[in-house]
């Protein structure tokens, strides 16, 4: 039986062209290498799972193999990785500094990648300062962190800082499609969008969720099974609830709420999901803001269609109600009751807007 390799490792980029969603960084690094203007200390900062350590490893390989006849030559002896989460003492840094003094036996550079660098103790940071400020010409330091604010200003000032961004939903979905096609896994496009939404900008998280669903769904990832396994409320529920609000159908709204709660979702998921739904409706009302909706084409069309039925006033008042009750249920002993009350108010919202509009018209007529 062959050893299984998770997708996050199997499809880890091997060169800068394969890195997803960080073109502003890969282009800059490639230009620095090409122009021979490479800094000696880098700080890669950004959310988890967006390619910081991957780019560090690629950079380490590229700067050593540059100008070599054999691009596949192994330079692993020139690359040193330190996990600062578990090696954060002064002694660990002193051991690293001792290694820095020895020049490389092969290749041009010795590259030191320090992951989770914010975990270093203050004493370790201070011990590292002098070496970071005046490293030997053959030493390159690449520091990676998810928490830039915890890095000492004296360290930041000695590094060239690269800010990695969250991977966009479309970039993530396109990458998942390539992985699925390579693995021979069938999929529904909406299911991959759901995975990307759940991953919240982290490609590594998206690939982990993809692996889990591929195993569960036995080779075909469907939207319905993805929603159930990722514990995500189907968007159809919110479209149905909004339709009930517009016709003031309180009984149907409460029955649908009960169905949602029976599926194991909490009341905050309902109100939070409704708030997101109203936001998407507001965005869908104007063609110029449609690009702000990172959703599948199917769901964008559904939002465009429902947006024609609701006024901006309804949406904004609906958002206000959701936020008010979402705050209330956090300290409530009976959150389900408050959620039902929120739905009742939302069911009467359109009537209130209509009455207000009628009164405004009468007021204008009287004023004339």
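Taken together, the values in this text are just the output of simple stated rules run on the coordinates, not laboratory data. This one's a predicted model, so the numbers in the text were calculated from it and none came from an experiment. Note that each Cβ is placed from the backbone with ideal geometry, even for glycine, and that neighbours are counted across all protein chains shown.
Quick check of the Kirkwood formula: for the stretch 220-368, what is the inverse mean of 1/r over all pairs of different Cα atoms, in Å?
16.5
Nearest 10 degrees, 0 to 90: what angle lies between the long axis of helix 250-262 and the longest principal axis of the chain (Cα atoms)?
The angle comes out near 30 degrees.
Taking neighbour counts of Cβ atoms within 10 Å as a proxy for exposure, in what order, fewest first, do 271, 256 appear?
Taking fewest neighbouring Cβ atoms as first place, the list is 256, 271.
Over the stretch 169-229, what portion of Cα pair distances is larger than 20 Å, expressed as a whole percent?
9
Using a 7 Å offset from the Cα along the Cα-to-Cβ direction at both residue 231 and residue 216, what is the distance between the two label points in nm, to one decimal?
Result: 1.1 nm between the two label points.
Using a 10 Å cut-off around each Cβ, can you sort 158, 48 from fewest to most neighbouring Cβ atoms?
Details: 158 21, 48 12.
Ranking 158, 48 by Cβ neighbours within 10 Å, fewest first, gives 48, 158.
Taking the 0 to 90 degree range and rounding to the nearest ten, how far is the long axis of helix 90-100 tilted relative to the main principal axis of the chain, both from C-alpha atoms?
So the helix axis and the longest Cα principal axis differ by about 50 degrees.
Quick one: order 217, 347 by neighbouring beta-carbon count within 10 Å, fewest to most.
217, 347
Counting each pair of different Cα atoms once, what's the Kirkwood radius of the chain in Å, rounded to one decimal?
In the chain this quantity evaluates to 24.4 Å.
Rounded to the nearest 500, what is the 222 nm mean residue ellipticity of the chain from helices alone, with -39500 (n - 2.57) per DSSP H run of 4+ residues and division by all residues? It would help to have the intermediate numbers written out before the result.
Working: 16 runs with 209 residues, N = 368.
So the calculated ellipticity at 222 nm is -18000 deg cm²/dmol.
Can you give the angle from 0 to 90° between the axis of helix 235-246 and the longest principal axis of the chain, with both taken from C-alpha atoms, to the nearest 10?
Rounded to the nearest ten degrees, it is 30.
Compactness ratio of the stretch 238-291: Cα Rg over 2.2 N^0.38 Å, N = residue count?
Output field value: 1.28.
Does the stretch 22-163 come out rounded, prolate or oblate by the C-alpha gyration tensor, with a ≥ b ≥ c the root eigenvalues, rounded set by a/c under 1.5 and, if not, prolate when a/b is larger than b/c and oblate if not?
Oblate, because a/c is 1.5 or more while a/b does not exceed b/c.
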